[in-house]
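Remarks on the structure that follows.
Just so it is clear, none of the values below were taken in a lab; they were calculated from the coordinates. Since this is a predicted model, take the numbers as computed values, not measurements. A quick note on method: Cβ atoms are made from the backbone with ideal geometry, for glycine too, and the neighbour counts reach across all protein chains shown.
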Amino acid sequence: MQRTTDVVIVGGGIIGCAIAYALQKRGIKVAVLEETALGKQSSSAAVGLLAPIRPLSSQSDPFKVLQLASLARFH
């Protein structure tokens, strides 16, 4: 039997699982690849955070732009 999927998500953390859930609700076939159990790796330590690892002084810093856009959507 041949199995197909529309989207493959690498990483079964909080973000990967949330994306898979949203896609499946739209009828898209999704496969989530995870080395161990879902949510047992970095999600348990960082809960999906995009924390800065360097100073973000420049307004045009792409990582800062991503963080601020993410924060705006969260509120």
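Assorted remarks:
- Taking label points 7 Å from Cα along the Cα-to-Cβ direction, A72 and A37 give a separation of 4.0 nm.
- The local environment of A31, defined by Cβ-Cβ distances under 11 Å, has a net charge of 0 under the rule Lys, Arg +1 and Asp, Glu -1.
- Karplus-based coupling profile of region 13-25, in residue order and whole Hz: x, 4, 6, x, 5, 5, 5, 4, 4, 5, 5, 5, 5, with θ = phi - 60° in 6.51 cos²θ - 1.76 cosθ + 1.60 and x standing for Gly or Pro.
- Gained length - Q24 relative to D61, 0.36 nm times residue gap less alpha-carbon distance: 10.0 nm
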